[in-house]
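Quick notes on the structure that follows.
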Amino acid sequence: MTATSPIGVFDSGVGGLSVLRDIRNELPGEDLLYVADSLHAPYGDKSPEFIQSRALAITEFLLGQQAKAIVVACNTATSAAAALLRARFSVPIIAMEPAVKPAALSTQTGVVGVLATRGTLSSENFTKLATRFGEHAEILVQPCPGLVEQIETGDLAGEKTKVLLKQYLQPLLDNKTDTIVLGCTHYPFLIPLIREFVGPKVTIIDPAPAVARELHRRLAGANLLSPRLDGASQYFWTSAPVDKTGPIIAQLWGARLKVKSLPVEFC
């Protein structure tokens, strides 16, 4: 691995593209590899052992593509597998964390809402976060079953998506929430719709920009930043049928692109 080697990014599905987008903005000279494990999405209702096995397999694949760093662009996979990946592999492993700290320290009403999957909200990592920063604000958790599946189909503004989102946001608003944390990398694709429901005075926090900055810092510290300033490429794989997931990846990425099938031994 050298400074010109690519960065590997993976998620349970297409949600991690929201993180990939910020990595591209932060590091325009870096080649990017992305794996959407859409065959097994969502991770939120899977066992920790299953998620660990998927994280290990996908990381092995990305390292086989000469990735110099791995970004776990999934909150549930972070909770279940980030520590295991860091113990197993020597490359930098950058993972997600719901942005509870900045939300708790910035809220004006003292009430913070967290939208996430059940897997993330029930994790030890999240419990520690909520306990630590619950001293500064009331942390209201809102599991959002069904939202990931809607985004996986590319439905960002359909009637079913609107009904689900309103159902999950209304209890937060009823309790004077003024700051909403997006605890799943799929959810940033719904920010325009969330904004319609919550209005302009509610702060919406997406942790992806902070993850991109942390990746930049880690690469710089390891002398692994690409010498290029821009013009880098991105490559995409999916564990689901390409004809199903490929168009969704292109839709969310906002450009025509080629998506490959993840080799069967990694599926």
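The values are calculated or read from the model by the stated rules, or taken from the named source; none is laboratory data. What you see is a predicted model, and the numbers here were worked out from it, not measured in a lab. Neighbour counts run over all protein chains shown; Cβ positions are idealised from the backbone, glycine included.
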Query raised in the report: For residues in region 1-48 being surrounded by fewer than 24 Cβ atoms within 10 Å (Cβ to Cβ) and of a type in the set (Asp, Glu), which is farthest from the chain's Cα centre (by Cα)?
Result: ASP31
Query raised in the report: Is it true that some residue in region 117-138 is of a type in the set (S, T, N, Q) and assigned by TED's automatic domain parsing to the domain that holds TRP237?
Result: no
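Test of understanding: among SER226, SER239, which residue is in contact (Cβ under 8 Å) with a residue 60 or more places away in the chain, over 19 Å from the mean Cα position of the chain (by Cα) and crowded, with 19+ Cβ neighbours inside 10 Å?
Only one candidate passes the filter, namely SER226.
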Query - Residues (in contact with a Pro (Cβ under 9 Å, 6 or more places away or on another chain), over 15 Å from PRO6 (Cβ atoms) and modelled with pLDDT of 95 or more) located in region 219-238 - result: GLY221
Report summary line: Listed by range, strands (runs of 3 or more DSSP E) wholly within region 151-267 having at least 3 residues that are over 26 Å from GLY110 (Cα atoms) are 234-238, 259-261
Query raised in the report: Looking at region 217-267, which of the residues that are in contact with a strand residue (DSSP E or B) (Cβ under 7 Å, 6 or more places away or on another chain) and among the aromatic types (Phe, Trp, Tyr) is farthest from SER12 (Cα to Cα)?
Result: TYR235
Query raised in the report: Only one of LEU173, LEU140 is in contact with a Gly (Cβ under 8 Å, 6 or more places away or on another chain), farther than 19 Å from PRO48 by Cα and surrounded by fewer than 23 Cβ atoms within 10 Å (Cβ to Cβ); which?
Result: LEU140
